[in-house]
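See structure below.
The values are calculated or read from the model by the stated rules, or taken from the named source; none is laboratory data. Everything quoted here is computed from the prediction, not taken from an experiment. Cβ: placed from backbone, ideal geometry, glycine included. Neighbour counts: every protein chain shown. For accessibility, only protein heavy atoms count, side chains too; no ligands or nucleic acids. Shrake-Rupley method; radii C 1.70, N 1.55, O 1.52, S 1.80 Å.
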Amino acid sequence: MAHAIFVAEAKRRQLSCDVYSAGVFDFRGAPPIRETTNTCELNNTPAPEEIATWVSDLPLASISRFLVMEQLHADVLMYEYGVSLSRISLLGEFDPRERGREIEDPFGQSDAVYQESYDLIRDCIVSYLDSVEEEV
C-alpha cells in the first residue's frame, strides 16, 4: 500500500521521483495481496501491478531515502545490505498524529485493519512529502 500511496501522492504533486517497493525477506514472484489491492481501490489509489520484489534486487546505491515500516526492516538494510542509517527512516516518524514509529503489517487481518493501515500510511507519506517540499 505504501508504494501505491507514495506513487499516487507524488503524481498528484507533480513530483518526479523513482519509487521502489521491496521486502527485506524474499517473497519474489508472489502476487499482490488481495486485501491490499481492494483497500487501494476503495480509496481511489491505483494499486501497483507489480509482483513482490526483494530488496537485494534493487539498485541500493542509487536510492537516496529508504522509508521502512518497522525497525527490523531498517536493521536488515543496515546490517545485511550496508545501507547507512542516514538514508533510512521509519515511515511512522512522519505521522502527524504520532500513532507510533512502527507501522504493523495488516496481513491476515480484517478489512477494517487494512483501512486503518492505509489511513496511517497515507498520513505519514503526505507529511513526509510536505517536509521534503519545505526543504526544497
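Restricting attention to the range 33-44 and to residues that are in contact (Cβ under 8 Å) with a residue 12 or more places away in the chain and over 14 Å from the mean Cα position of the chain (by Cα), the residue that is nearest to Ser131 (Cα to Cα) turns out to be Asn43. Among the residues of the range 1-18, not one is closer than 22 Å to Ala112 by Cα and loosely packed, with under 12 Cβ neighbours inside 10 Å. Close contacts from the range 58-79, counting a first residue that is free of Cβ contacts under 8 Å to residues at least 12 places away in the same chain and a second that is aliphatic (A, V, I, L, M) and open to solvent by less than 60 Å² (accessible area, probe 1.4 Å), with Cβ to Cβ under 9 Å and a gap of 6+ residues or different chains, come to Asp75/Val24; Met78/Ile88. The residue pairs whose first member lies in the range 107-136 and is free of Cβ contacts under 8 Å to residues at least 40 places away in the same chain, whose second member is open to solvent by 50 Å² or more (accessible area, probe 1.4 Å), and whose beta carbons are closer than 7 Å, counting only pairs six or more residues apart or on different chains, are Leu120/Arg99; Asp123/Pro96; Asp123/Arg97; Ser127/Pro96.
Is one or more of the residues making up the range 44-54 of a type in the set (D, E, K, R) and at pLDDT 95 or above? So far as the range 44-54 goes, no, none of its residues is of a type in the set (D, E, K, R) and at pLDDT 95 or above.
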